[in-house]
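The values are calculated or read from the model by the stated rules, or taken from the named source; none is laboratory data. Because the structure is a prediction, the values reported are computed rather than measured. Cβ sites come from the backbone with ideal geometry, for glycine too, and all protein chains shown count toward neighbours. Keep in mind that these areas ignore ligands, DNA and RNA; they rest on the heavy atoms of the full protein, side chains included. Shrake-Rupley method; radii C 1.70, N 1.55, O 1.52, S 1.80 Å.
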Amino acid sequence: MARRQNDKSAVPELEERVVSINRVSKTVKGGRRMQLTALVVVGDGNGKVGLGMGKSQEVPNAIKKGVEDAKKNMFTVPITEDGSVPHEIMGRYGAGRVLIKPAVPGTGVMAGGPVRAIMELAGIKNVITKSLGTSNAMNIVKAAAEGLKLMESPEQVAARRGIEVGQIFGKKEA
């Protein structure tokens, strides 16, 4: 029994959220074939998040497949000490564009439905987002994910430039 508890503590607890469920049909010789697609976001609330899509004849199976796909496609998001993003960025995917801006502590997650899910599950507490372009939930979520993937922490920027982190912000070394 004690061994199981140790195994659970080693694996981070992932939270999952269904963003949208869409009914799609394919016309075949005998008529229409109905299927369901589920867009799912999975995250640990501590900088790791992923999104996936599952298709099936039933809703629970589609969600389960979406969760499995999301776990395979997880990525890390840099988060500042105050729970925001390090810098402003525009995420693009298809016709969807999402503007992601850092916010001061106490702002909360100012985002629309599909983008809110990915921000909250990534563990971002203070952010302002604006969806531009399409209203298609799938393209908006994928655009937000692309923007988060392009985010760089101050440490990554400093390493790329070959300078100290303090020099990025204009602080003089004593």
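Once every DSSP H run of n ≥ 4 in the chain is given -39500 (n - 2.57) and the sum is divided by its residues, what mean residue ellipticity at 222 nm do you get, rounded to the nearest 500 deg cm²/dmol?
Estimated from H runs of four or more residues: -10000 deg cm²/dmol.
Normalise the Debye intensity by I(0) for the chain, one equal point scatterer per Cα, no solvent, then take log10 at q = 0.14, 0.19 Å⁻¹ and round to two decimals.
Result of the Debye calculation: -0.81, -1.19.
Using the heavy atoms of the protein chains and a 1.4 angstrom probe, tell me the accessible area per residue for the chain in square angstrom. Provide the component values of the computation, followed by the final result.
Working: 10790 Å² over 174 residues.
Ligands and nucleic acids excluded, the figure is 62 Å² per residue.
Straight-line reach from Lys149: which aspartates and glutamates have a Cα under 15 Å away, not including same-chain ones fewer than 8 places off?
Hits, sequence-local ones excluded: Glu88.
Roughly what % of DSSP beta bridges within the chain run antiparallel, to the nearest 5?
On the way: 36 of 38 bridges.
Close to 95 percent.
Could you order Arg97, Arg160 so the one with the most accessible surface comes first? Probe is 1.4 Å. Walk me through the numbers before you get to the answer.
Values: Arg97 100, Arg160 145 Å².
Largest to smallest exposure gives the sequence Arg160, Arg97.
Rounded to whole Hz and in sequence order, give me ³J(HN,Hα) for the range 100-105 from the Karplus expression 6.51 cos²θ - 1.76 cosθ + 1.60, θ = phi - 60°, writing x for Gly and Pro.
My calculation for the range 100-105 gives 10, 10, x, 9, 6, x Hz in order.
In nm, what is the difference between 0.36 nm times the number of residues separating Leu150 and Glu58 and their Cα-Cα distance?
Working: separation 92, 0.36 × 92 = 33.12 nm, distance 3.48 nm.
Going from the current span to full extension adds 29.6 nm.
With a point put 7 Å past each Cα toward its Cβ, work out how far Val104 is from Lys29 in nm, to one decimal.
Placing both labels 7 Å along Cα→Cβ, they lie 6.8 nm apart.
Which pairs break 18 Å Cα to Cα here: Lys65/Lys130; Lys48/Lys71; Lys64/Lys125; Lys48/Lys130; Lys26/Lys65; Lys26/Lys71? Please report the intermediate quantities before stating the final value.
On the way: Lys65/Lys130 29 Å; Lys48/Lys71 10 Å; Lys64/Lys125 27 Å; Lys48/Lys130 22 Å; Lys26/Lys65 20 Å; Lys26/Lys71 28 Å.
In this structure, Lys65/Lys130; Lys64/Lys125; Lys48/Lys130; Lys26/Lys65; Lys26/Lys71 lie more than 18 Å apart at Cα.
Counting only GluC sites (Glu not before Pro) that sit in a DSSP loop (anything but H, G, I, E, B) with at most 15 other Cβ atoms within 10 Å, what is the longest stretch of the chain containing none of them? List each step's numbers first, then the result.
On the way: sites that count: Glu13, Glu58, Glu81, Glu88, Glu152, Glu164, Glu173.
After excluding every exposed loop site, the longest remaining stretch is 89-151.
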